[in-house]
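Below is one structure, written out as structure tokens; the observations come after it.
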Amino acid sequence: MNVLVAYASKRGSTAEIAEAIAETLRQSGVSADCIEAGKVGTVSSYDAVVLGSAVYIKRWQGDAKHFLRKHDKELAQRPFWVFSSGPVGDPSSDADPSWLEPPKIIEEVTRLGAREHVVFGGRLPVDPRGPMGLLHVSCGVTPVRVRD
Ligand SMILES: Cc1cc2nc3c(=O)[nH]c(=O)nc-3n(C[C@H](O)[C@H](O)[C@H](O)COP(=O)(O)O)c2cc1C
């Protein structure tokens, strides 16, 4: 079995999650490629796909949204899973789930038959850029870990 793990990441933490997923698959004997969503030409040679994106202000990254549109028919024909990465701190304290996963994306991947969609914790930027980045960091929250 050959699995594609495609991801869209702005500052690297989603890329690390994607690579951890691919490495875990490899360790269980499954062949897995981990590739930036914007650099994937075709998914037709893969038996299954995992697609993940960082969430910024309730939105997936453009490359992940574009990937969904571009490969929708192929995704509907094979097993695929989706993850969003973003929340920092205690996820249970976030009352509005639309901050964790963009609802329209979830509707779309559900329509295409995604097996599961999950949310992984994000990481605060080391060098916050712009007022929104600084605001985010100044909330002083602890990153949620992907493992354990
Ligand atoms: C300006 C800004 C807006 C963000 N908006 C969200 C959000 O809407 N939902 C969320 O879960 N995380 C949000 N985050 C947290 C990021 O998704 C988190 O830092 C994530 O790890 C970034 O992934 P990346 O390193 O792959 O770019 C935001 C972060 C920043 C700096």
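The values are calculated or read from the model by the stated rules, or taken from the named source; none is laboratory data. This is a predicted model, so every value here is computed, not measured. Cβ coordinates were reconstructed from backbone atoms using ideal geometry, including for glycine residues, and neighbour counts include every protein chain displayed.
Applying the set (1) of a type in the set (Val, Ile, Thr); (2) away from the ligand (no atom under 14 Å from the Cβ); (3) touching a Pro at 6+ places or on another chain (Cβ under 7 Å) to Val88 leaves exactly one unmet item: (2). Of the residues making up region 41-57, those that are β-branched (Val, Ile, Thr) and either modelled with pLDDT under 95 or surrounded by fewer than 20 Cβ atoms within 10 Å (Cβ to Cβ) (or both) are Thr42, Ile57.
Of all the criteria given as (1) of a type in the set (Asp, Glu); (2) free of Cβ contacts under 8 Å to residues at least 24 places away in the same chain; (3) surrounded by 15 or more Cβ atoms within 10 Å (Cβ to Cβ), the one not satisfied by Glu101 is (2). Could you tell me whether Leu75 is in contact with a helix residue (DSSP H, G or I) (Cβ under 8 Å, 6 or more places away or on another chain), more than 15 Å from the ligand (Cβ to nearest atom), among the aliphatic types (A, V, I, L, M) and over 17 Å from Asn2 (Cα atoms)? No. Applying the criterion of being modelled with pLDDT under 60, assigned to a loop (DSSP other than H, G, I, E, B) and not polar (S, T, N, Q) to the residues of region 99-146, the residue that is farthest from the ligand (Cβ to nearest atom) is Gly140.
Could you tell me how many of the residues in region 31-46 are among the small types (Gly, Ala, Ser) and within 16 Å of the ligand (Cβ to nearest atom)? Steps first, please.
First, the residues of region 31-46 that are among the small types (Gly, Ala, Ser): 31-32, 37-38, 41, 44-45.
Filter once more, so that each one left must be within 16 Å of the ligand (Cβ to nearest atom): 37-38.
Here the count works out to 2.
The condition (being more than 16 Å from the ligand (Cβ to nearest atom) and at pLDDT 95 or above) is satisfied by just one residue among Ser13, Ser28, Ser9: Ser28. Please pick out the residue among Ser13, Ser28 that is more than 23 Å from Arg111 (Cβ to Cβ) and in contact with a strand residue (DSSP E or B) (Cβ under 8 Å, 6 or more places away or on another chain). Unique residue meeting the criteria: Ser13.
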